[in-house]
Amino acid sequence: MFIITRKKNEAILIDGGTRITISDIQSGQVTLCVEYPEDKEIVEDKLLETTG
């Protein structure tokens, strides 16, 4: 597991061209902007739990 602290508008880069940016923080909720290559797929873990 990788744990990192970021502020609004800061980002992390993941191997393969994925960039995750903190786009907003309000009332304890964080909004993420995820940019990734077109040949990759992203699925929320809560969706995997309901179908798994």
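Looking at T21, T31, which one is outside any loop (DSSP other than H, G, I, E, B), touching a strand residue (DSSP E or B) at 6+ places or on another chain (Cβ under 9 Å) and without any contact (Cβ under 8 Å) to a residue 12 or more places away in the chain? Matching residue, one of T21, T31: T31. Among the residues of the range 26-42, not a single one is small (G, A, S) and surrounded by 10 or more Cβ atoms within 10 Å (Cβ to Cβ).
Checking each residue in the range 15-52 for being modelled with pLDDT of 90 or more, among the polar types (S, T, N, Q) and farther than 17 Å from F2 by Cβ picks out S23, Q26, S27, Q29, T31. Going residue by residue through the range 42-49, is there one that turns out to be touching a strand residue (DSSP E or B) at 6+ places or on another chain (Cβ under 9 Å) and part of a loop (DSSP other than H, G, I, E, B)? Yes, the range 42-49 has at least one match. Considering the conditions (1) assigned to a loop (DSSP other than H, G, I, E, B); (2) of a type in the set (S, T, Y); (3) surrounded by 12 or more Cβ atoms within 10 Å (Cβ to Cβ), T5 is excluded by exactly one of them, (3).
The values are calculated or read from the model by the stated rules, or taken from the named source; none is laboratory data. Since this is a predicted model, take the numbers as computed values, not measurements. Neighbour counts run over all protein chains shown; Cβ positions are idealised from the backbone, glycine included.
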